[in-house]
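The values are calculated or read from the model by the stated rules, or taken from the named source; none is laboratory data. These numbers were taken from a predicted model, which means no experiment stands behind them. Neighbour counts are summed over all protein chains in view; Cβ atoms, including those assigned to glycine, are modelled from backbone coordinates with ideal geometry. Side chains are part of the model used for accessible areas, which takes the heavy atoms of the whole protein and leaves out ligands, DNA and RNA. Shrake-Rupley method; radii C 1.70, N 1.55, O 1.52, S 1.80 Å.
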Amino acid sequence: MIGEQQAVETGNLIGGERRAGVSGRTFESRNPAHHGEIIGVFPQSSAADVDAAVVSAQRALAGWRSTPWPRRGEVILAAATIMEQRKEELARLMTREMGKVLTEARGDVQEAIDMGKFIAGEGRRAFGETVPSELRNKWAMTMRQPLGVIGCVTPWNFPIAIPSWKIFPALMAGNTVVFKPAEDTPLCALRFVEILEEAGVPAGVINTVFGNEEAGDAVVRHPGTVAIFFTGSADTGRLIAATCGSMLKKVSLELGGKNGIVVMDDADLELAVEGALWGAFGTAGQRCTASSRLIVQRKVLGDFTDALVSRTRALRIGNGLVDGVDVGPVINETQLRRIHSYTEIGVQEGATLLTGGEVARDGDLAEGFFYAPTVFAGVTPAMRIAQEEIFGPTTAILPVESLAEAITTANSTQFGLSLSIYTNDLRHAFLAIHELEAGIVYVNAPTIGAEIQLPFGGTKNTGNGHREAGGRVLDEFSEWKSIYIDYSGRLQRAQIDTDAQ
Ligand code: UN1
């Protein structure tokens, strides 16, 4: 079997030690392309494990927050450099554990390297402001302070990149972290954290507890975590927001998407087809940015659909470690069933299934969780397949007559992560940039592929108004302190003594 290696067995990483879970229960991580292959065995953590992790993070806070910013930046840069050296090994591991094809796994690791390098520079650039005071002989300025112990709860679809978006800036700002990675990709998380340790992150600054939603819930509820950073489903996000709301805890949520590509009559059709194929079926559609709706103007509908279907049929499904494979497995059996249930829903709703729509079982594929890339046509905005996040290789073509209808259709979901338009008309492009309700808009490119130096996140039910990455990312991970220094030697009253000499 390709890439098979010995299964890893580990405990949680708390205070620089490997600790078995308190309950003694464990779970396995398995290869979604060959379900028989066990990748590793990890503790099924409970509230007691999370408590130990929080206590360890609290103990480490004083030392880490007082470590100079530039020194913290050097540690993060060292981590990014180690990742760069071990990129291939990490990518191969990711393909085995999560399933995405190797080229994309390399991209995932690269995104984390980019994030590390980008944020490390903040070590010498985390500026505050010097602000004029309204009073004479009085100085006013601001500085950033860490939040404290923060909880990071991350998904399986970007098993290294997404943790890096949260953990690198959290550490840069002087916070300590309790990290609960997804149950489907614990080994990627373990390797990422080991690299942080190797780079010089002191014991207790990052503490990792493996497990399922029980552990995640304990991280959210623990009174010692002062802020929660979560990427995952809208349903879970709502529960987390409610808990954090009642505890007055800061919470950053990056949730679902129902992203759409608009294809105008004046578009470069070949480019649009290629973009749709990549946006819909890259990562087997398991991106929150996946292009799950294709909103196509009538004149090009026939040609676009024909080209897309023939290109979709030519995609090679298989183990992502094999050269030439385009679409890997989906993450697990539950997701496979869920994806197929949406095929049934689409058919029941009266959409036309053009290709795919079934579990792929040929030969070796029966050993894993593969789903044939699926295209529906004749979809209307109200259908569930046009509204709900499927998180699999399924896309829906929605015909429209005009730019106005295209924009209304694109905006007609509860989510607002990423929208795109293919057009050669500058007017159409700029109108779309203004009118599309999303945190990210692309022109002549699909909805996936955000770069870390720009803010990432969405409007509406995609989140709660926060952004990850980008130039302002430290605002999410630090608090402002305002400092006034009165050197007049007498009492000066703000708002009252403003004219005093
Ligand atoms: C996600 O799917 O949760 O923009 C993140 C992209 C990637 C990140 C996706 N850079 O598609």
#### Entry: Matching entry among G121, G116 (being more than 16 Å from the ligand (Cβ to nearest atom), modelled with pLDDT of 95 or more and in the same structural domain as A78 (by TED's automatic domain parsing))
G121
### Task
Scan segment 441-462 residue by residue and report those that are over 20 Å from G116 (Cβ atoms) and open to solvent by 20 Å² or more (accessible area, probe 1.4 Å).
V441, Y442, V443, N444, A445, T459, K460, N461
#### Entry: Contacts under 7 angstrom Cβ, first residue in segment 441-460 being at positive phi, partner away from the ligand (no atom under 12 Å from the Cβ) and of a type in the set (D, E, K, R), 6 or more apart
G457/R467; K460/E437
### Query
Within segment 292-309, is even one residue modelled with pLDDT of 95 or more and under 30 Å from V473 (Cβ atoms)?
yes
### Message
With the requirement that a residue be within 13 Å of the ligand (Cβ to nearest atom) and not in a loop (DSSP other than H, G, I, E, B), what does segment 420-459 give you?
### Response
S420, I440, V441, Y442, F456
### Task
Among the residues of segment 243-264, write down those that are away from the ligand (no atom under 15 Å from the Cβ) and touching a residue at least 40 places away in the same chain (Cβ under 8 Å).
K250, V251, V262, V263, M264
### Task
Could you tell me whether segment 219-240 includes any residue that is under 20 Å from the mean Cα position of the chain (by Cα), assigned by TED's automatic domain parsing to the domain that holds G40, open to solvent by 10 Å² or more (accessible area, probe 1.4 Å) and more than 26 Å from G416 (Cα to Cα)?
no
### Enumeration of residues in segment 356-403 that are in a strand (DSSP E or B), without any contact (Cβ under 8 Å) to a residue 40 or more places away in the chain and of a type in the set (A, V, I, L, M)
V359
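Here is a list: A267, A272. Which entry is part of a helix (DSSP H, G or I), more than 10 Å from the ligand (Cβ to nearest atom), in contact (Cβ under 8 Å) with a residue 12 or more places away in the chain and over 30 Å from R221 (Cα atoms)? Steps first, please.
Numbers: A267 fails: part of a helix (DSSP H, G or I).
Within the list A267, A272, the selection yields A272.
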### Exclusive hit being of a type outside the set (K, R) and either more than 16 Å from the ligand (Cβ to nearest atom) or in contact with a Ser or Thr (Cβ under 9 Å, 6 or more places away or on another chain) (or both), set V330, V296
V296
### Summary
Of the candidates Q286, Q348, Q335, the one satisfying the condition of being out of contact with any Ser or Thr (no Cβ under 6 Å at 6 or more places or on another chain) and without any contact (Cβ under 8 Å) to a residue 12 or more places away in the chain is Q348
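Here is a yes/no grid of residues against (1) out of contact with any His (no Cβ under 7 Å at 6 or more places or on another chain); (2) of a type in the set (A, V, I, L, M); (3) within 20 Å of A60 (Cβ to Cβ):
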site	(1), (2), (3)
N137	yes, no, no
T142	yes, no, no
I150	yes, yes, yes
T154	yes, no, no
N157	yes, no, no
A161	yes, yes, no
A170	yes, yes, yes
K180	yes, no, yes
V220	yes, yes, no
### Message
Show the residue pairs meeting these rules: Cβ distance below 9 Å; 6+ apart or different chains; first residue within segment 293-320 and part of a loop (DSSP other than H, G, I, E, B); second residue polar (S, T, N, Q).
### Response
N319/N31; N319/T95; G320/T95; G320/T103
### Query
Just to be sure, is L315 under 30 Å from T408 (Cβ atoms) and either in contact with a Pro (Cβ under 8 Å, 6 or more places away or on another chain) or open to solvent by 30 Å² or more (accessible area, probe 1.4 Å) (or both)?
no
### The lone exception for L147 - which of (1) of a type in the set (A, V, I, L, M); (2) closer than 24 Å to E84 by Cα; (3) out of contact with any Pro (no Cβ under 8 Å at 6 or more places or on another chain) it fails
(2)
### Task
Would you mind stating whether E214 is assigned by TED's automatic domain parsing to the domain that holds D49, touching a Gly at 6+ places or on another chain (Cβ under 8 Å), touching a residue at least 24 places away in the same chain (Cβ under 8 Å) and open to solvent by 10 Å² or more (accessible area, probe 1.4 Å)?
no
### Message
Can you pull out every residue in segment 460-480 that is more than 14 Å from the ligand (Cβ to nearest atom) and assigned to a strand (DSSP E or B)?
### Response
K460, S478, E479, W480
### Summary
In segment 150-195, anything open to solvent by 10 Å² or more (accessible area, probe 1.4 Å) and away from the ligand (no atom under 16 Å from the Cβ) is listed as K180, E183, R191, E194
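When you scan segment 329-337, do you find a residue that is under 17 Å from M383 (Cβ atoms), surrounded by 14 or more Cβ atoms within 10 Å (Cβ to Cβ) and under 26 Å from the mean Cα position of the chain (by Cα), even just one?
No, every residue in segment 329-337 fails to be under 17 Å from M383 (Cβ atoms), surrounded by 14 or more Cβ atoms within 10 Å (Cβ to Cβ) and under 26 Å from the mean Cα position of the chain (by Cα).
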### Query
So which residues in segment 275-292 are touching a strand residue (DSSP E or B) at 6+ places or on another chain (Cβ under 8 Å) and not in a helix (DSSP H, G or I), if there are any at all?
C288, T289, A290, S291, S292
